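First comes the structure, then the notes that go with it.
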Amino acid sequence: MQTATQIPMRLEPGHRPGTSGYRRVVLALFAAGVATFALIYSTQALLPELATEFAVSSADSTLSLSLTTIALGLTLLVAGPLSDRVGRTRLIHVSLIASVVVAAASALAPNWPTFLGLRLALGVTIAGLPAVATAYLREELHRGAHARAAGLYIGGTAIGGMTGRLATGAVAEAWGWRWALAAAAVLGLICALIVWFALPESQHFVARRAGVRPMLGMARRAVCDPVLLALYGIGMLGAGAFVAVFNALGFRLTSEPFGLGLGAASLVFLVYAFGSAGSAIAGRLADAFGRRAVVPIGAGLALAGVLLTIPGQLPVVVAGAALMTAGFFVFHGVASGWVPVRAHAGGVAGAQAASLYLFAYYVGSSVFGTAGGHAWAYAGWSGVVVLAGALFAGVAVLSLVLRRSRALAS
């Protein structure tokens, strides 16, 4: 005989872990995360070669990444509310296909301004996926699997970031940067096809056709909740520190005393595997012990990892990068999945809140990522460590603020 507490659980909607629907969702969004971050960060391992090819400075070469992320951040402010009208899955498919086309075109760019223009366009086209991914997960999965699935999605973005950087670094050393970017576009196409066939259509999406005034009112609520504001801050500071380190790390490893080639230097991005594992584990821990307990752990690990990169021994530098990567994806994976859940509990559109989180994330990536290039140019690796360490310390402070915040729903 069923008890009163068992009946509501049985009636709760959404794909549950172990079902075919859940596996399809996780596979599709894992592949989408791989495609998105492989395309966005495909130039990061190529920064030294791009600086040489187009005769620009190390700081200017980071514009190939910063322009993409700032365009992505701005477009997210439109893509999130747009998905509330047109649907999640439609926007995901259009975004991935258009991004593959633009990424392929960037491999044919004849000069630096054209190349930067195409990288800017990539930020616009690719915004559809990150704008709706966590909102789609909240709507389509059973609530007991939200944090776990969000962790797996963020793990896919980690694998994408690693694969894109490794592939472009190796291919560029063998055949040049154009073939490297073409390889990233092919990877994006394969992932887009997986998403096309695997991603289930939305079953619980309800279109919102509100006018401008209600949308502005919803946006106001999304920036008035102190927990959401803290989560936005965590995304901005954390992404800024993380990208600043990896933007400068390629220049450090290809310079003395290391003197590595582009392909060998790109192998450092293998540490992204620690990020993927950390994100997936953090999602399970968040489901078991609560998000407030997990975020500070990630912040502490990331800060310790940055400090570990100070010595000039290559194994120690790699170990520090691995620890920083694991810590970053622990707190980012939990925080990004927390945003739509908190928004829903507070009566805010989940996609809109997720877009604001990612807007903050990519603003931080753009601003502090470029600042990392300048820190390297003017103060060397110590300048990069000071910048990233201060930003991760800010994440730690905000994570402690979140521990004292009030939950809106049990």
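The values are calculated or read from the model by the stated rules, or taken from the named source; none is laboratory data. For clarity, every value in this text was computed on a predicted model and none was experimentally measured. Heads up, the Cβs are rebuilt from the backbone with ideal geometry, glycines too, and the neighbour counts pull from every protein chain shown. For accessibility, only protein heavy atoms count, side chains too; no ligands or nucleic acids. Shrake-Rupley method; radii C 1.70, N 1.55, O 1.52, S 1.80 Å.
Condition test on ALA304, is it surrounded by fewer than 18 Cβ atoms within 10 Å (Cβ to Cβ) and either in a helix (DSSP H, G or I) or of a type in the set (D, E, K, R) (or both)? Yes: the conditions hold for ALA304.
Please pick out the residue among SER399, SER405 that is in contact (Cβ under 8 Å) with a residue 24 or more places away in the chain and more than 23 Å from the chain's Cα centre (by Cα). Step by step, each of SER399, SER405 is checked, and only SER405 is in contact (Cβ under 8 Å) with a residue 24 or more places away in the chain and more than 23 Å from the chain's Cα centre (by Cα). Among the residues of the range 125-136, are any surrounded by fewer than 24 Cβ atoms within 10 Å (Cβ to Cβ) and modelled with pLDDT of 90 or more? Yes - at least one qualifying residue is present in the range 125-136. Taking the criterion of being modelled with pLDDT under 85 and surrounded by fewer than 24 Cβ atoms within 10 Å (Cβ to Cβ), the residues of the range 14-29 that qualify are GLY14, HIS15, ARG16, PRO17, GLY18, THR19, SER20, GLY21, TYR22, ARG23, VAL26.
Of the residues making up the range 310-325, those that are in contact with a Ser or Thr (Cβ under 7 Å, 6 or more places away or on another chain) and among the small types (Gly, Ala, Ser) are GLY320, ALA321.
Applying a threshold of 6 Å to beta carbon distances and a minimum spacing of six or more residues, or different chains, the list of pairs starting in the range 315-331 at a residue that is more than 13 Å from SER279 (Cα to Cα) and ending at one that is not in a helix (DSSP H, G or I) reads VAL317/THR309; GLY320/THR309. Looking across the range 19-55, the residues that are free of Cβ contacts under 8 Å to residues at least 60 places away in the same chain and closer than 21 Å to TRP381 by Cβ come down to ALA51, THR52.
There is no residue in the range 324-338 that is closer than 22 Å to TYR41 by Cβ, among the β-branched types (Val, Ile, Thr) and surrounded by fewer than 19 Cβ atoms within 10 Å (Cβ to Cβ).
Looking across the range 30-40, the residues that are out of contact with any Cys (no Cβ under 7 Å at 6 or more places or on another chain) and at pLDDT 85 or above come down to THR36, ALA38, LEU39, ILE40.
Selection of the range 53-98 for residues being open to solvent by 10 Å² or more (accessible area, probe 1.4 Å), of a type in the set (Ser, Thr, Tyr) and not in a helix (DSSP H, G or I) yields only SER57. From the list THR36, THR52, THR62, THR43, the one residue that fits, being in contact with a Leu (Cβ under 6 Å, 6 or more places away or on another chain) and more than 24 Å from TYR136 (Cα to Cα), is THR43.
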